[in-house]
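Accompanying notes for the structure given below.
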Amino acid sequence: MRNTLLASASAVALTCTAALPAQAAPPPSPIYNWTGFYIGGNIGGGFGQSNPSLIANVTAAPFFLTGTWNTPGLNVQGFAGGGQFGYNVQTGNFVYGFETDFTGLDVHGSVSESPFFRGKSGVNTVTWSSRYSWLYTARFRGGLTIANNWLVYGTVGVGVTSVRDTATCVSPNDGCGADIGPSGPQFVEWSKTSTLVGAVYGGGVQAMPFPNWIFGLNVLHASFPSTSPGLVSFANTFGTGPVPPAFSFSHNLTLVTFQVDYKFGP
């Protein structure tokens, strides 16, 4: 009798177990694949320096000035925003590729010193200004993934920018130059818009919170050649001929942008 009851209980247990539905397997983890073409946009800001240096011999014609001259630093800053396009290849945890971008800029600054030129009346104000209007870069990128959907990378390449550099000297008499005649109010302007080619390097971090969408923070530093703006206007005639370029401007620019990309493919 006891054996019969045990057999019946075992049969009931087996029947109930067989009737339970199979437990569902956990969903597979998302597969993050960095390989493929991508396109996106960026927004942020830029800052840097366009420091002027005195390059003219102001002790000679048409200036005939004396003294010492120390040009101040010229800092620039402002808005940056644009778009980018690129391609990545992933091999294990290593990701490498190429990216090109075009960014519109409103990065500018100015600085003044009064008086700057010494000698004669010594009454003058010199103002230096610089404005960057756009930046194009073409760069190689390479980095390592972390936890599959994070990427830390470095980048290096070439950049092209447009910048307008201007220096002006204003004096109520002959404070900008002894041989700028007549000796009435003087206004001298040196200015030039240049397209410059230079080196670009930087890095950043990106995250892929879900496949095909990439969010990141990008930092680029660009260094460009110096320029020497020529004379463009003046209030009065010059008694000893043309005025040479008086200043040169250095060019160093850093962009910090937030970037969003859509990656094509799986």
Three-way shape call for region 185-229 based on the alpha-carbon gyration tensor, with the a/c threshold at 1.5: prolate
What does the extension gain come out to for Phe102 and Val158, with contour length at 0.36 nm per residue minus their alpha carbon separation? 18.9 nm
In region 137-162, which residues have a backbone nitrogen under 12 Å from the label point lying 7 Å from Phe258's Cα in the Cα-to-Cβ direction? none
What net charge is computed for the residues neighbouring Arg131, neighbours being all others with C-beta under 11 Å from the C-beta of Arg131, Lys and Arg scored +1, Asp and Glu -1? -1
Heads up, region 131-195 by the C-alpha gyration tensor (a ≥ b ≥ c square roots of eigenvalues; a/c under 1.5 rounded, else a/b over b/c prolate, else oblate) looks prolate
Note, Ser50: beta-carbon cut-off 13 Å, +1 each Lys/Arg, -1 each Asp/Glu, net +2
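Which value does Rg/Rh take for region 29-186 over its C-alpha atoms, Rh per Kirkwood?
Using Cα coordinates only, the ratio equals 1.26.
Read-outs: derived from the displayed coordinates by stated rules, not from any lab. It should be emphasised that the depicted structure is a prediction, and the values quoted were computed from it without experimental measurement. Methodologically, a virtual Cβ is constructed for each residue, glycine included, from the backbone with ideal geometry; neighbour enumeration extends over all protein chains shown.
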